[in-house]
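The values are calculated or read from the model by the stated rules, or taken from the named source; none is laboratory data. Not measured: the values here are computed from a predicted model. Here the Cβ positions follow ideal geometry from the backbone for every residue, glycine too, while neighbour counts run over all protein chains shown.
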Amino acid sequence: MYKAVLFDLDGTLTESGEGITKSVQYALEKIGRPEPDLDKLKIFIGPPLLEQFMKYADVDEETGREAVAFYRERYSVTGIYENKVYPGIPDVLTYLRREGYLLAVASSKPEHYVKQILDYFQLTEYFNEIVGSELSGNRTKKSQVIEEALKRLNLEGHRDQVLMVGDREHDVLGAREAGMKCVAVSFGYGTEEELLGAKPLQIVNSVRELIDFFG
């Protein structure tokens with residue numbers, strides 16, 4: 001039924017919370033909105049950064065952009081490597097490639113960082129396309145990233161044959177906006193309430209269950 005699978009990165013392929021939350025904490029301190037509790041900053045994992053900074057810190061767009069710049073100041077050097085691949089993910093990717101699926105990453109993170117992370121963890125070889133947002137701030141909405149992935153895979157006219165896999169509601173909603181279905185993984189950073197409310201095609205609780213879904 002499905003010909004291609006798009007994967008989110010943070011909270012789906014890699015456990016990236018430490019690097020993201022510490023870099024957000026650094027940025028908030030720089031703009032005068034310090035937050036000592038890293039757990040509260042987990043809501044930054046996944047959604048577009050600018051919108052999240054504006055919403056969380058209650059700041060205007062200009063200050064939000066300053067926060068993003070400060071975030072990248074730390075993230076690009078240190079935070080990007082405070083990260084690890086979820087156990088079993090290479091097995092999922094190996095299985096899907098063996099079964100003939102086209103694979104792509106569709107992340108709201110800047111494409112430059114996405115490629116750097118996948119190279120670092122030796123995951124690049126599994127993917128036909130790697131798509132992220134632009135450092136300029138364009139293509140940050142999940143649906144826009146998905147549309148670009150569909151375009152690069154030449155599957156814009158075959159949306160019913162493409163599945164999104166992600167861990168947050170914006171993955172589910174972005175896929176729906178692009179006319180696709182999404183399987184949500186509960187081992188990432190989305191809460192049970194958030195995922196149930198988004199109504200994905202299915203919620204899987206482990207990497208093993210993800211393989212079983214396709215098997």
| message | Six or more apart or on different chains, Cβ atoms under 6 Å: show the pairs whose first residue is in the stretch 1-30 and at positive phi and whose second is buried (at least 22 other Cβ atoms within 10 Å of the Cβ) and among the charged types (D, E, K, R). | response | Gly11/Asp167
| message | I need the full set of residues from the stretch 99-120 which are out of contact with any Phe, Trp or Tyr (no Cβ under 8 Å at 6 or more places or on another chain), over 18 Å from Leu163 (Cβ atoms) and either assigned by TED's automatic domain parsing to the domain that holds Arg72 or without any contact (Cβ under 8 Å) to a residue 60 or more places away in the chain (or both), in order please. | response | Pro110, Glu111, His112, Lys115, Gln116, Asp119
| message | Exactly one of these conditions fails for Asp91: (1) outside the structural domain of Glu192 (by TED's automatic domain parsing); (2) charged (D, E, K, R); (3) within 20 Å of Arg208 (Cα to Cα). Give me its number. | response | (1)
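Just one of Asp160, Asp167 is of a type in the set (D, E, K, R), outside the structural domain of Lys42 (by TED's automatic domain parsing) and surrounded by 18 or more Cβ atoms within 10 Å (Cβ to Cβ); which is it? Even if it seems obvious, please write down each step before you answer.
Numbers: Asp160 fails: surrounded by 18 or more Cβ atoms within 10 Å (Cβ to Cβ).
Unique residue meeting the criteria: Asp167.
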| What number of residues within the stretch 70-98 are closer than 25 Å to Leu38 by Cβ, touching a residue at least 40 places away in the same chain (Cβ under 8 Å) and among the small types (Gly, Ala, Ser)? | 1
| field | Filter result for the condition that a residue is aliphatic (A, V, I, L, M) and surrounded by fewer than 19 Cβ atoms within 10 Å (Cβ to Cβ), over Ile31, Ile45, Ile20 | value | Ile31
| Quick one: is Ser186 crowded, with 22+ Cβ neighbours inside 10 Å and either touching a strand residue (DSSP E or B) at 6+ places or on another chain (Cβ under 8 Å) or at pLDDT below 95 (or both)? | no
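Check the stretch 203-210 and report whether any residue there is crowded, with 21+ Cβ neighbours inside 10 Å and outside the structural domain of Phe44 (by TED's automatic domain parsing). Break it down into steps so the answer makes sense when it comes.
Pass one, the stretch 203-210, residues crowded, with 21+ Cβ neighbours inside 10 Å: 210.
Then keep just the ones that are outside the structural domain of Phe44 (by TED's automatic domain parsing); that gives 210.
There is at least one residue in the stretch 203-210 that is crowded, with 21+ Cβ neighbours inside 10 Å and outside the structural domain of Phe44 (by TED's automatic domain parsing).
Of all the helices (runs of 4 or more DSSP H) wholly in the stretch 121-215, which have at least 2 residues that are more than 25 Å from Lys84 (Cβ to Cβ) and either free of Cβ contacts under 8 Å to residues at least 40 places away in the same chain or out of contact with any Ser or Thr (no Cβ under 9 Å at 6 or more places or on another chain) (or both)?
On the way: elements: 142-152, 169-177, 192-198, 207-214.
In the stretch 121-215, 142-152, 169-177, 192-198 are the helices (runs of 4 or more DSSP H) which contain 2 or more residues that are more than 25 Å from Lys84 (Cβ to Cβ) and either free of Cβ contacts under 8 Å to residues at least 40 places away in the same chain or out of contact with any Ser or Thr (no Cβ under 9 Å at 6 or more places or on another chain) (or both).
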